[in-house]
Structures are given as structure tokens and as C-alpha cells.
Amino acid sequence: MKAVIFDFDYTLGDSTDGIVISVNYALQKLRMEVSDTRQIRRTIGLSLKETYFALTNDKNQEKAALFSGYFREKADEVMVRNAVLYSGVKDILFRLQEKGYKTAIVTTKYRHRIEQILNKYSSRDLVNMIVGSDDVKNEKPDPEGILRVVRDLGMKKTDVVYIGDSLVDAKAAENAQVNFIAVLTGTTTKKEFGEYDHLCVCKDITEAFHYILSLE
């Protein structure tokens, strides 16, 4: 294995508070009922359009587009300051780089948002490549983002592993035909991950890191 690709939310960090604020701001702008944190947490990792569909049961494409715009408007104000990296993540990224692994992030967040969060923790230089929703035509579970990393880092599919916390991540890895490691720091259970091919289901990113080292 030569490269480790990560999801962000509930894999490397937590931006729940900023997401909840931004989601409910967007819903209020549309004069719709706000959602509670539990409901919103279940949508984290989906595209904004799919988040709107899931929370409202409304498939109106125009409203979904408005929702996305309002979400980003508020996220520009609140997302970075409310986002945190999980304990040990900076050290894990450093140790992977030290051992010669390439590292990347493929996320439904905007690339600049991830860069800002990493800069907040002085960790941007520990990630070789970031692919955000603004870098692809098709968001996860489409494999486009993962395959772009594989191509741009000069890897083979068998060289990389994708680590994520959701079924969207599992499906994206399956569609890209790359190895997958699941972590249980999101809202998806070990049983749910059992429906998809995976190398390991780990309790958190630290356990996933030690699993990768065990493969050497």
C-alpha cells in the first residue's frame, strides 16, 4: 500500500456544529421547518442536494439548489471555526508521510474549506492532495474523486486504501474498485458496513492507522 485516502467528516474530524447551523439557516431561508441535530448527523457525508432531499422528503431540484446556496452562505461564516480535527490525526498524517505514504482527502466539502480547517491545525502540508465537491462533476458515491487521486498521484488502484465512516464512502470505494477501511466514528454501524467489501472495520482513525501499519 502506497497511499491513504481519507474522507473528512467523522473520519478525520467533526464539523457537526457548523453543519447544523448551516442546514437550519438554509431551511429557515426556505421557510421550512428546522431539523434536529440527530437527523442532520445522519446526512453528513451526503451532497448538499441529497441532504436536502433526505431532510425534507422534497425532490424539487430548484429548492435543493437554493438550499445548497444558502448552506454555503452560512458555512462561509461558521464552518471553519466550528470544525475540529480528532485527537491524534495530525500525528497520524505526519507518521504516514514519514513512512513514505502519500495522503489525500476526498470529501463532499469544498476543497478550500478543508484547506482552511487543516491550516487551522497547521496540518495542510501533511496532505498531498485534496479533492472537494467543487473539483468533480459527480460527488460520492461516484468514484470520480477517488480515481482522480489515484491518477494524479501516479498510483494503481491496488496501491491505495480509502478510509471513511459512511455507506457513501463504502460505495465510493467499491465503485472505484479500491480497498476500503471503515471507521465507526460516524453514524454507520459495523453491521451496516458488513454489506460492503472492506479490509477492516475500526473503532476510529487511530485503530485504522495501526491496522495499516500491521500490513507492512
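The values are calculated or read from the model by the stated rules, or taken from the named source; none is laboratory data. Quick caveat, the model's predicted, so the values are computed rather than measured. Note: ideal-geometry Cβ built from the backbone for every residue, glycine included; neighbour counts use all protein chains shown.
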Restricting the range 36-50 to residues that are β-branched (Val, Ile, Thr) and over 14 Å from the mean Cα position of the chain (by Cα), which is surrounded by the most Cβ atoms within 10 Å (Cβ to Cβ)? ILE40
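Does VAL160 fit the bill of being over 15 Å from the mean Cα position of the chain (by Cα) and β-branched (Val, Ile, Thr)? Before the answer, list the steps.
Values: over 15 Å from the mean Cα position of the chain (by Cα): yes; β-branched (Val, Ile, Thr): yes.
Criteria met by VAL160.
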For residues that are surrounded by fewer than 22 Cβ atoms within 10 Å (Cβ to Cβ), farther than 14 Å from ASP7 by Cβ and touching an Asp or Glu at 6+ places or on another chain (Cβ under 8 Å), tally how many sit in the range 147-173. 1
Report yes if some residue within the range 108-121 is of a type in the set (D, E, K, R), more than 21 Å from GLY45 (Cβ to Cβ) and out of contact with any strand residue (DSSP E or B) (no Cβ under 9 Å at 6 or more places or on another chain); otherwise report no. no
What pairs come out if I take residues in the range 91-115 that are at pLDDT below 95 and pair them with residues that are among the basic types (Lys, Arg) whose C-beta lies under 7 Å away, six or more apart or interchain? THR108/LYS140
Please determine whether any residue of the range 26-46 is without any contact (Cβ under 8 Å) to a residue 24 or more places away in the chain, of a type in the set (Val, Ile, Thr) and closer than 19 Å to VAL168 by Cα. yes
Of all residues in the range 37-95, count the ones that are outside any helix (DSSP H, G or I) and of a type outside the set (Val, Ile, Thr). 13
Among the residues of the range 166-204, what is the count of those that are in contact with a strand residue (DSSP E or B) (Cβ under 6 Å, 6 or more places away or on another chain) and either among the β-branched types (Val, Ile, Thr) or in the same structural domain as ARG38 (by TED's automatic domain parsing) (or both)? 4
